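Coordinate-derived values only; no laboratory data. As the structure is a prediction and not an experimental result, all values here were calculated from the model. Cβ atoms come from the backbone with ideal geometry, glycine included; neighbour counts cover every protein chain shown.
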Amino acid sequence: MFKAAVPQLAKAHELAPEDITTLKILKNIYIQIDDTAKFTEVNDKLKALGQ
């Protein structure tokens, strides 16, 4: 289920790159599916936004 949600959330992030909620959801999904590279990328973006 998590993997199926990634394309839609990635598109939402593309359309609104500073949306904190989308980034947090993506971060949680990437950790659940054990994609540490994407998790780190999203986590860095959140830190840059002050989260």
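Observations on the model:
- All positions within region 12-35 that are on the phi < 0 side of the Ramachandran plot and surrounded by fewer than 11 Cβ atoms within 10 Å (Cβ to Cβ): 14, 15, 18, 21
- Flag: residue 47 does not match the condition of being among the charged types (D, E, K, R), assigned to a helix (DSSP H, G or I) and surrounded by 11 or more Cβ atoms within 10 Å (Cβ to Cβ).
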